[in-house]
Structure formats: structure tokens, C-alpha cells
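Trainee: There's a structure below that I have some questions on.
The values are calculated or read from the model by the stated rules, or taken from the named source; none is laboratory data. This structure is a prediction, so every number in the text was calculated from the model and none was measured. So basically every Cβ, Gly included, is an ideal-geometry build from the backbone, and we count neighbours across all protein chains shown. Just the protein is used for accessible areas: all its heavy atoms, side chains included, with ligands, DNA and RNA removed. Shrake-Rupley method; radii C 1.70, N 1.55, O 1.52, S 1.80 Å.
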Amino acid sequence: MNTFDSIKRIKPYFKKYRTVLYLDLFCASLTTVADITLPLILKFLTQTAMDDPLNFTMNVVLKIALLFFVIKIIDIIAGYYMTSIGHIMGAKIETEMRRDIYSHLQTLSDSFYNEARIGQIMSRITNDLFDITEFAHHCPEEYFIGAI
């Protein structure tokens with residue numbers, strides 16, 4: 001099974017959580033912009049202090065500090081949303097996948113279970129689903145952040 005087939009199989013699980021996913025990606029963009037902007041603010045402060053010390057007044061410092069504070073608050077809120085709501089979305093998707101897998105397992109014949117190791121099946125379901133949901137949650141974020 002190639003990557004595109006895997007994505008096609010996972011895609012229906014995201015339909016229900018489309019809004020949460022879009023907000024998660026929006027928050028990922030906010031954290032990325034904050035991560036890019038904060039060093040630029042420090043660079044501006046340093047260059048202003050070094051190049052033009054007469055214009056480096058307390059008023060400029062306070063305005064920049066307020067801007068830094070607002071951006072950092074946005075970064076914290078967006079990061080909180082990504083780590084809390086985004087992971088909850090991943091857990092709910094994992095629950096739905098687990099339900100579908102167990103429903104499928106109940107349709108299999110007795111001869112399948114005579115030849116299969118139940119512990120191995122359960123271990124694979126648990127570990128593989130965890131990996132799939134972590135990938136499903138973090139992959140869109142990482143690709144989106146990389147694109148920004």
C-alpha cells in the first residue's frame with residue numbers, strides 16, 4: 001500500500017473534525033509567524049540601540065515590548081490549542097478507527113482466529129493505531145508549517 005492509498009483511507013475520519021483541523025492549522029500558522037517575528041523584534045531593538053541610540057527611547061522600547069507581549073500571548077494560546085484540542089481530535093479519530101477495526105474483526109471467520117495470534121493482533125492494533133493518529137494529527141501541521 002503506498003502513501004496515497006493510506007491517505008485516502010484516513011481522509012474520511014477527518015471529515016467530522018474538519019473545523020478543528022482548520023483551526024489547528026490556523027494556530028500552527030500563528031505559532032510559526034510568532035516564531036519568525038520574535039527574533040526580528042529583537043534584531044530591530046538591537047540595531048536601533050547600536051545604530052541610532054538617540055531614537056532608542058523608552059517610548060520605543062515600551063511599544064516594542066507591548067508588541068512582543070501580544071505576539072507571545074497569541075503564540076501561547078495557539079500552542080495550547082494545538083496541544084490540547086488537536087490531540088483530543090487525534091484521540092477521537094483513533095477511537096473511531098479502533099471501533100471500525102474491531103467491527104471488522106468481529107466479521108472474520110473462526111478459521112482466521114484458529115491460525116492467528118490474538119495477542120499479536122491486539123498489539124498491532126494498539127501500536128499501529130497510535131502511530132497512525134499521531135501521524136494524522138502532526139503531519140498536516142508539520143507540512144503546513146514547512147510550507148509557511
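Trainee: Quick one: in the range 97-122, of everything that is of a type in the set (Gly, Ala, Ser) and in a helix (DSSP H, G or I), which residue is farthest from the chain's Cα centre (by Cα)? It would help to see each step written out before you state the result.
Mentor: Of the range 97-122, the ones of a type in the set (Gly, Ala, Ser) are 103, 109, 111, 116, 119.
When the remaining residues are screened for being in a helix (DSSP H, G or I), the result is 103, 111, 119.
Numbers: 103: 29, 111: 41, 119: 31 Å.
Checked the range 97-122; the qualifying residue farthest from the chain's Cα centre (by Cα) is 111.
Trainee: Test each condition in (1) exposed (fewer than 11 other Cβ atoms within 10 Å of the Cβ); (2) modelled with pLDDT of 90 or more; (3) within 29 Å of residue 147 (Cα to Cα) for residue 26 and report the one that comes out false.
Mentor: With (1) exposed (fewer than 11 other Cβ atoms within 10 Å of the Cβ); (2) modelled with pLDDT of 90 or more; (3) within 29 Å of residue 147 (Cα to Cα) applied to residue 26, the lone miss is (1).
Trainee: Out of the range 82-126, which residues are over 20 Å from residue 17 (Cβ atoms) and surrounded by 14 or more Cβ atoms within 10 Å (Cβ to Cβ)?
Mentor: Result: 105, 121, 125.
Trainee: Restricting attention to the range 127-137, report how many residues are of a type outside the set (S, T, N, Q), open to solvent by less than 90 Å² (accessible area, probe 1.4 Å) and out of contact with any helix residue (DSSP H, G or I) (no Cβ under 8 Å at 6 or more places or on another chain).
Mentor: 1
Trainee: Let me ask something else. Mind listing just one residue for me: the one in the range 18-37 that is over 13 Å from the mean Cα position of the chain (by Cα) and among the hydroxyl-bearing types (Ser, Thr, Tyr) and, of those, nearest to residue 86 (Cα to Cα)? Show your work before the answer.
Mentor: Pass one, the range 18-37, residues over 13 Å from the mean Cα position of the chain (by Cα): 18-19, 33-37.
Right, trim to among the hydroxyl-bearing types (Ser, Thr, Tyr) and you get 19, 37.
Details: 19: 11, 37: 24 Å.
So, considering only residues that are over 13 Å from the mean Cα position of the chain (by Cα) and among the hydroxyl-bearing types (Ser, Thr, Tyr), the one nearest to residue 86 (Cα to Cα) is 19.
Trainee: Right, something else. When the range 99-125 is examined, which residues are found to be among the hydroxyl-bearing types (Ser, Thr, Tyr) and modelled with pLDDT under 85?
Mentor: The first filter runs over the range 99-125 and keeps only residues among the hydroxyl-bearing types (Ser, Thr, Tyr), leaving 102-103, 107, 109, 111, 113, 123.
Correct list: 113 only.
Trainee: Turning to a different aspect of this structure: Can you tell me which residue among 94, 141 is within 23 Å of residue 14 (Cα to Cα), within 14 Å of the chain's Cα centre (by Cα) and part of a helix (DSSP H, G or I)?
Mentor: When all the criteria are applied, what remains is 141.
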